[in-house]
Amino acid sequence: MARWLPRSTDLTRFCQKLNRVKTLEDDMMETSFNRCLSTIDLTLLGIGGMVGSGLYVLTGTVAKEIAGPAVIVSFIIAGFASLLAALCYAEFGARVPKTGSAYMFTYVSVGEIWAFLIGWNVLLEYMIGGAAVARAWSGYLDSIFNHKIKNFTETHVGAWQVPFLAHYPDFLAAAILLVATAFISFGAKVSSWLNHVFSAISMGVILFILIMGFVLAQPKNWSTQEGGFAPYGLSGIMAGTATCFYAFVGFDVIAASSEEARNPQRAVPRAIAFSLGLATGAYILVSVVLTLMVPWHTLDPDSALADAFYRRGYAWAGFLVAAGSICAMNTVLLSNLFSLPRIVYAMAEDGLFFQVFSRVHPRTQVPVVGIVVFGLLMALLALVFDLEALVQFLSIGTLLAYTFVAASIIVLRFQQHKEDVPAAGAGGQPSTEPHQGPAAGELKEYESFSDKLHLVDRDKGKEQREPGQLKAAFEPYLEFLSDFYPGEVVTVAVVTLMVSAICLCSILVFGNTHLHLPTWSYSLLLVLFSLGFLLSLLLIWAHEQQHSTQTFQIPLVPLSPALSIILNIYLMLKLSYMTWLRFAVWLLLGLLVYFGYGIWHSKENLREPRAQRVSARYVVFPGGSLEERVQAVQPGCQPAAGLPDSDTDDGKR
């Protein structure tokens with residue numbers, strides 16, 4: 001029986017496969033895509049991805065069913081949490097200007113299986129986002145024609161009474177997705193031009209809504225007679241915040257498009273900042289005017305803004321808003337269909353997904369196969385699924401991606417620079433042995449003695465420590481940590497920080513409701529997990545980090561990413577259990593794909609370690625000064641084999 005059990009070496013090698021990181025090319029600007037997008041193009045892509053059905057549909061849905069007029073606060077909190085995540089995306093997009101977004105960022109810093117799962121969830125995020133927007137687009141167009149399309153479909157096709165499915169098949173939503181898929185396949189320039197046109201119309205309509213809405217505002221709609229400003233309390237505000245994340249998922253289209261940007265180091269951070277700021281302001285102001293125009297409990301969740309103008313006697317304004325909202329939703333459709341095939345392309349190019357999706361059309365320079373296949377899948381989702389179920393499912397995938405990108409920022413910031421990383425061992429993996437200095441008694445190899453002299457001189461004049469090493473000020477107190485390899489302690493601390501955040505948020509969300517903890521145990525657990533979170537944060541901060549003036553870096557690391565992590569986890573736990581159940585099923589399907597295909601076809605798995613050839617090697621025995629004893633070793637000999645120890649060598653000399 002024991003012979004069937006895996007050996008420890010096999011388990012170690014298997015874990016190394018799961019956690020191997022992507023090897024980046026020396027020239028990251030080289031690409032098979034067309035680098036043609038400017039900062040304005042990327043900014044409008046981000047605005048188009050964020051300002052769409054979230055503005056015209058989600059504001060009414062959250063205000064009526066979840067938060068009331070306090071949807072304004074929900075958008076503020078969601079915007080702040082998205083800002084923390086957006087800054088992480090901005091740093092990664094500038095440092096790693098490759099398509100793939102959260103998938104790529106996780107792959108280069110955390111590990112392969114985590115990157116695949118994030119990419120797998122991002123695929124679902126974009127598919128659901130496109131399908132949900134298409135259904136909202138269909139609903140708004142139907143409202144213009146007094147719901148004649150819906151009535152015709154229910155009469156001649158039939159209605160469904162199945163949970164999480166639409167009440168009727170939405171053929172119009174599926175059709176618009178197919179048309180958008182055709183336009184996206186013509187290339188990045190055509191997609192960008194269409195996005196410019198629709199974004200200009202959308203921003204004009206938003207400006208009209210704000211001016212007309214403040215003219216028609218009635219402060220009494222926030223009074224206690226109408227239920228007050230926050231009728232569902234703090235719990236409703238936070239639940240609304242989790243749902244409002246749907247509004248801000250579009251900014252990662254900028255990071256996904258970085259491989260097609262002319263100057264990604266400058267364009268990506270600026271575009272993310274501009275687009276997120278404008279979108280957050282638009283959501284907050286539109287929520288204010290919507291809940292002031294009509295009582296929040298009378299809103300139509302399917303077409304709240306247009307219906308509000310109709311009910312105030314401005315039918316022409318309602319028609320204009322409905323028409324403008326359709327243009328805004330077109331930008332979101334273009335954004336989702338633009339990003340999704342590029343994520344699939346990145347995974348296929350790395351060998352983790354089916355290779356057919358890595359094909360780029362030679363003339364349009366876009367992954368046509370991915371565009372067509374996933375455009376059809378989006379159309380199928382829009383045909384049969386309900387908008388609310390799709391939105392809830394969307395939030396959890398987005399929050400998980402934000403969490404891993406924030407953790408990746410901490411890990412990458414405290415890693416050594418590429419040129420400082422030791423040579424890879426067997427299997428292409430860097431050595432994970434604790435870093436030892438000369439006093440540890442190990443033999444050090446150099447290709448020539450002059451190299452040794454150069455290294456000694458450099459070390460003597462070098463005062464600044466490498467990233468991942470313990471700061472000099474903390475060495476007297478944490479001396480036992482200085483023996484670990486640079487960045488190793490930080491990685492463990494990040495894992496501890498995330499575990500502490502999960503436990504802390506679980507107590508906050510479920511402690512009084514589901515677990516029914518007594519007050520003393522509730523308080524004790526909060527204190528313990530808060531201490532674990534803070535101690536992990538301090539331990540990370542006690543190490544040196546990378547500082548770059550060439551690309552954008554998020555400020556206040558590790559505090560900013562840590563706040564993003566804990567806020568994202570809290571919002572994930574506020575989602576319904578059915579959302580988690582569906583999410584778990586999707587994850588299991590992803591693991592089947594990874595272990596059935598991805599782990600075997602990964603390019604990192606096929607990458608062979610480079611053979612190192614040297615004409616002569618020198619072994620330097622431990623010593624405390626520059627005048628160390630050196631003995632030449634013939635090529636092919638083992639450095640330590642048959643060599644005399646220091647006492648014998650002294651006797652011979």
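The values are calculated or read from the model by the stated rules, or taken from the named source; none is laboratory data. Remember, it's a predicted structure, so these values are computed and weren't measured experimentally. All Cβ positions, even for glycine, are placed from backbone atoms using ideal geometry, and neighbour counts span all protein chains on display. SASA here: full protein model, heavy atoms, side chains in, ligands and nucleic acids out. Shrake-Rupley method; radii C 1.70, N 1.55, O 1.52, S 1.80 Å.
Things to note:
- Test: residue in the range 415-434 that is surrounded by 14 or more Cβ atoms within 10 Å (Cβ to Cβ), modelled with pLDDT of 50 or more and under 26 Å from His547 (Cβ atoms): yes
- When Phe357, Phe319, Phe338, Phe353 are screened for being of a type in the set (A, V, I, L, M, F, W, C) and not in a helix (DSSP H, G or I), only Phe353 passes.
- Matching residues in the range 513-535 - criterion: being open to solvent by less than 30 Å² (accessible area, probe 1.4 Å) and either at pLDDT 95 or above or in contact with a Pro (Cβ under 6 Å, 6 or more places away or on another chain) (or both): Gly532, Phe533
Conditions tested, residue by residue: (1) modelled with pLDDT of 85 or more; (2) more than 22 Å from Ala348 (Cβ to Cβ).
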| residue | (1), (2) |
| --- | --- |
| Tyr107 | yes, no |
| Gly119 | yes, no |
| Ile149 | no, yes |
| Gln161 | no, yes |
| Pro169 | yes, yes |
| Gly187 | yes, no |
| Leu194 | yes, yes |
| Ile201 | yes, yes |
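- Condition check for Trp580: within 26 Å of Gln416 (Cβ to Cβ), surrounded by fewer than 20 Cβ atoms within 10 Å (Cβ to Cβ) and of a type in the set (Phe, Trp, Tyr): no
- Yes/no for Phe510 being open to solvent by 50 Å² or more (accessible area, probe 1.4 Å), touching a Pro at 6+ places or on another chain (Cβ under 7 Å) and in contact (Cβ under 8 Å) with a residue 60 or more places away in the chain: no
- Cβ-Cβ distances below 6 Å connect the following pairs, each with a first residue in the range 540-567 that is of a type in the set (Ser, Thr, Tyr), a second residue that is open to solvent by 50 Å² or more (accessible area, probe 1.4 Å) and not in a loop (DSSP other than H, G, I, E, B), and a separation of six or more residues or different chains: Thr551/Arg95; Thr551/Gln265.
- Val373 meets each of the listed conditions (1) among the β-branched types (Val, Ile, Thr); (2) more than 24 Å from Leu592 (Cβ to Cβ); (3) open to solvent by 10 Å² or more (accessible area, probe 1.4 Å) apart from (2).
- Scan of the range 135-180 for residues that are aliphatic (A, V, I, L, M) and open to solvent by 20 Å² or more (accessible area, probe 1.4 Å), ordered by number: Leu141, Ile144, Ile149, Val157, Ala159, Val162, Leu165, Leu172, Ala175, Ile176, Leu178, Val179
- Count - residues of the range 108-134 that are among the charged types (D, E, K, R) and within 18 Å of Met50 (Cβ to Cβ): 1
- In the range 221-239, of all residues being closer than 23 Å to Val321 by Cβ and open to solvent by 30 Å² or more (accessible area, probe 1.4 Å), the one that is modelled with the highest pLDDT corresponds to Trp222.
- The listed residue being more than 29 Å from Met28 (Cβ to Cβ) and either surrounded by fewer than 20 Cβ atoms within 10 Å (Cβ to Cβ) or among the aliphatic types (A, V, I, L, M) (or both), out of Phe354, Phe319: Phe319
- Any hit, the range 27-44, residues being of a type in the set (Val, Ile, Thr), over 30 Å from Ala304 (Cβ atoms) and at pLDDT 85 or above: yes
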